[in-house]
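The values are calculated or read from the model by the stated rules, or taken from the named source; none is laboratory data. This is a predicted model, so every value here is computed, not measured. Heads up, the Cβs are rebuilt from the backbone with ideal geometry, glycines too, and the neighbour counts pull from every protein chain shown.
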Amino acid sequence: MVIQIRIDDRLIHGQVALLWTKALDTKGVIVANDNAATNEAVKATLKMACPKTQKLLVKTVDDAVRVINDPRGKDMRIFALTNNVVDALKLVRECP
C-alpha cells in the first residue's frame, strides 16, 4: 500500500532516505521513473542512496503500477517517488 507519493527531481536523497522513510515508517521505496529503470548508472546511484532498512524497487511507471497493485504487497508500507507530475498522476489514477 502506498503511504506517500513524492515528486522530486532528485528522486532519492538524504532527506528522503533518512527523514521521510522513518517518519512514514515505510519498509519499501519504489522509484517510478522510466529513465531510472532503464539506466544502470542511475539505478546504481539510487541503490547507494537508499538506506539498507528499505527494500528499493526502481521500475518504469507502468511496472510500478503493476507492483503497487499486486495483492502480495497490500500490507507493505511503500513510499513512492517520481520526478514529475505526469508520472505521479498516473500512479494516483491507476493505483487505489
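Data for the structure
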| read-out | value |
| --- | --- |
| Filter pass, VAL16 being closer than 19 Å to LYS52 by Cα, touching a Ser or Thr at 6+ places or on another chain (Cβ under 8 Å) and of a type outside the set (D, E, K, R) | no |
| Selection count, the stretch 50-65, where residues are under 14 Å from ASN83 (Cα atoms) and more than 11 Å from the chain's Cα centre (by Cα) | 0 |
| Condition check for LYS59: under 16 Å from LYS90 (Cβ atoms) and touching a strand residue (DSSP E or B) at 6+ places or on another chain (Cβ under 7 Å) | yes |
| Number of positions in the stretch 2-16 that are in contact with a strand residue (DSSP E or B) (Cβ under 8 Å, 6 or more places away or on another chain) and either under 14 Å from VAL85 (Cα atoms) or modelled with pLDDT of 85 or more (or both) | 8 |
| Which numbered condition LYS47 misses (of (1) under 17 Å from ARG6 (Cβ atoms); (2) modelled with pLDDT under 95; (3) within 13 Å of the chain's Cα centre (by Cα); (4) of a type outside the set (Phe, Trp, Tyr)) | (1) |
